[in-house]
1. Using r as the Cβ-Cβ distance of Thr426 and Asn495, and R0 as 35 Å, what FRET efficiency do you calculate, to the nearest 0.05?
2. Suppose each label sits 7 Å from its Cα in the direction of the beta carbon; what would the Ala305-Ala710 distance come out to in nanometres?
3. Using only C-alpha positions, report the orientation-averaged shadow area of the convex hull of the range 247-391, nm², one decimal.
4. Determine, from the Cβ-Cβ distance of Ser295 and Gln90 and an R0 of 51 Å, the FRET efficiency 1/(1 + (r/R0)^6), rounded to the nearest 0.05.
5. Determine ³J(HN,Hα), in whole Hz, for all residues of the range 253-269 in sequence, where each value follows from phi through the Karplus function 6.51 cos²θ - 1.76 cosθ + 1.60 and θ = phi - 60°; x replaces Gly and Pro.
6. log₁₀ I(q)/I(0) of the chain at q = 0.08 Å⁻¹, via Debye over equal Cα point scatterers, no solvent, to two decimals?
7. 7 Å from Cα along Cα→Cβ at both Thr261 and Ala649: what's the point-to-point distance in nm?
8. Which FRET efficiency value, to the nearest 0.05, is calculated for Arg534 and Leu509 with the Förster distance at 25 angstrom and r the Cβ-Cβ distance?
Amino acid sequence: MMPDRANPSPGLRNLSRDAGMTDSSEQLHPGVLHHVVNTLGWPDLRPLQRAAIAPIRRGDDCLLLAPTAGGKTEAAIFPLLSHMAEQGWQGLSVLVVTPLRALLNNLQPRLDGYAGWVGCRARVWHGDTSPAERASILRDPPQILLTTPESLEAMLVSTSIDHRAHFAHLRAVVIDELHAFAGDDRGWHLLAVLQRLQHLTGRSLQRIGLTATVGNPDDLLTWLQGGAPARPGVVVAPAAGTPASPEITIDYVGSIANAATVIAALHHGEKRLVFTDSRAQAEQLAAALQERGVSTFVSHSSLSAQERRRSEQAFAEARDCVVVATSTLELGIDVGDLDRVIQLDAPRTVASFLQRLGRTGRRAGTTRNCLFLATSEDALLRAAALTLLWGSGFVEPVIPPVHPRHIAAQQLLALALQEGAFGLQTWRRWWDGLSVMDEGDGILRYLLDAGFLDVDGGMAFIGPQSERHFGRRHFMELLSAFTAEPELTVFFGRNELGSVSPLTITGPLPAGEPRLLVLAGRTWQVTSVDFARRRVQVVEHQGRARSRWTGGMPDVSFALTRACRDVLLGQDPPVELSRRASGTLERIRAERSMQVDAGGLVLHRQGDEQGWWTFAGTRANASLVAGLDRLGISATAAAETVRSEIFGADAIRALSAVLEQAQAAGMPMCEVDHQAVEGLKFSAALPADLAMRTLAERGSDLLHARECTATPVVVRSA
């Protein structure tokens with residue numbers, strides 16, 4: 001039954017009373033409330049949207065926490081629109097920052113519609129925004145601007161933008177998908193840019209972070225507020241009703257081809273979203289589905305913006321189809337009503353699983369659901385472990401990377417570009433105690449000594465080494481806080497399809513065989529390659545092919561690896577296991593029974609080699625290997641085990657003392673290859689030893705390594 005729009009429901013009519021509000025400044029503006037009822041037809045606000053009104057209207061910094069599709073965007077925007085309407089905000093007043101351009105494109109029409117309720121506008125500015133559109137925004141700034149951190153900083157350093165005038169009226173920043181920023185260096189970069197904006201405007205900017213479920217919301221709010229918070233901070237996470245139990249099934253299929261066969265046979269007439277954790281997997285699965293006559297679309301980061309938009313639009317409008325995606329569709333991009341989520345193998349975190357699960361069950365009468373299709377025995381074990389963690393209520397804390405020294409170097413250079421020059425005695429004011437700059441004095445000295453900055457009259461400005469390392473394309477290399485592999489752009493005629501690793505193009509071929517690749521779920525034949533311009537020309541082709549992308553394997557966490565041990569010890573996840581999955585899991589347990597013991601961590605002797613089955617994760621085991629190296633014991637490690645020819649229980653006891661000393665001294669315990677420094681963005685602007693230390697600290701997990709050495713050892717022999 002639709003609400004009576006002339007007489008809104010008691011939930012909206014008594015909004016302020018129900019929320020315990022008595023001051024009109026803690027209510028939605030009547031014009032905004034009118035449109036919620038009459039334009040959107042909503043009978044009521046969601047709990048988060050109600051709870052967010054008072055703290056946002058008070059001007060508090062807020063972390064709005066709710067599952068996917070919890071109405072977080074409206075919870076932030078409606079109170080800010082109320083301020084705009086009552087206080088007559090003019091000029092660029094609110095920034096909405098997201099990690100993905102596609103998410104910006106998806107949000108803009110919705111936010112522009114909301115802004116129109118109070119006579120305002122919302123526009124988008126990112127790398128794909130045309131020069132004409134940018135010129136229009138600069139001439140007549142909207143009240144709400146949607147952007148990325150990199151585009152925001154590009155505006156600050158651009159010589160064609162009067163950044164002081166452009167941001168003079170800025171009052172609030174809404175950061176969507178905050179957890180996606182906070183877990184890597186883009187988060188530190190974003191905080192540093194926001195601090196510079198605050199200094200530029202001369203006022204504290206209200207910060208509103210939107211996030212899915214995380215394990216440490218209070219810590220995340222403190223991080224969001226930066227160095228010296230000027231406002232109170234509040235986590236807004238009202239208790240929601242108990243949702244219906246999701247339908248989660250794990251199946252074992254053994255290969256991508258078998259996964260395609262299963263997907264093609266299931267859920268005809270429904271819209272299915274399949275997640276993979278690599279671009280190569282996504283393309284291989286999409287091509288296999290196309291072969292089976294399934295209407296299939298693809299979305300991943302190496303597809304062109306045009307191809308991604310085509311897939312997203314077609315998927316949003318279609319009914320009986322599949323879209324195969326990496327994490328590009330994990331975030332809040334609207335793909336319309338979705339029936340099924342299928343996960344190929346398993347994501348690395350419970351948080352990621354919750355994001356993907358939350359894409360379903362949005363329509364009345366539907367249930368959240370996820371089908372895991374494991375293509376290998378290791379993937380089956382990980383899927384069981386992940387859902388075991390999920391069933392226990394565990395969600396990973398979001399922990400920003402430690403010691404972002406390279407971001408500090410980048411920020412000092414970016415400030416020199418922004419201001420032309422900055423004072424050697426006053427530069428810290430731009431970041432106001434933000435921990436990114438804790439070691440800024442030493443980093444600044446290096447930048448001056450190495451020629452990245454020059455100095456005159458106590459003012460620092462861009463030096464020749466900055467021009468040499470970062471000056472190409474108007475310092476664009478300096479404005480991206482993450483490192484992307486160099487790829488070749490693929491064109492079909494004049495249409496850009498996406499990009500692939502050079503490895504796809506340079507491998508050996510049998511005589512007379514065409515060079516083929518797969519992109520956007522279709523097979524293409526390479527007709528020409530221009531390595532100087534990094535361009536590949538293709539034509540359509542029938543048949544099978546593969547494409548490659550480089551990139552290291554992500555770390556496996558201590559929590560997930562220990563959950564694998566629990567599964568091997570006999571614990572079952574609280575989900576449905578297919579007959580194939582159940583039988584395969586029992587076989588895995590039998591085959592690996594010598595690797596686990598409820599009484600402690602197994603030291604398994606087989607021939608001349610010892611395997612210590614720590615199940616401690618990538619970083620903890622790397623720390624254990626580094627500690628053994630200090631004892632003169634050579635060892636190697638994976639996520640589950642540490643292997644060596646000569647160590648035993650006595651060495652483990654000695655290792656405990658080494659780790660304790662390292663932790664007390666604040667020293668990292670991780671071996672780093674000198675070549676790995678090239679993967680640390682802006683490492684050229686750091687002393688080599690400091691860059692190496694940064695990587696070592698980020699690769700260490702002394703806490704869990706020490707936990708391993710304190711756990712009883714169970715010795716077994718083959």
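1. Details: r = 51 Å, r/R0 = 1.45.
The calculated FRET efficiency here is 0.10.
2. About 5.2 nm separates the two model spin labels.
3. Values: hull surface 31.4 nm².
Dividing the Cα hull surface by four gives the mean projection, 7.8 nm².
4. Details: r = 48 Å, r/R0 = 0.94.
For R0 = 51 Å, the calculated efficiency reads 0.60.
5. 10, x, 6, 5, 4, 5, 4, 4, 4, 5, 4, 5, 8, 9, 6, 4, x
6. One equal scatterer on each Cα of the chain leads to -0.72.
7. 4.9
8. Values: r = 20 Å, r/R0 = 0.82.
Step by step, r from the Cβ atoms, then E = 0.75.
Computed from the coordinates by the stated procedures, all read-outs in this text should not be read as laboratory data. Nothing here was measured: the structure is a model prediction, and the numbers come from that model. FYI the Cβ positions are ideal-geometry reconstructions off the backbone, even for glycines, and counts take in every protein chain you see.
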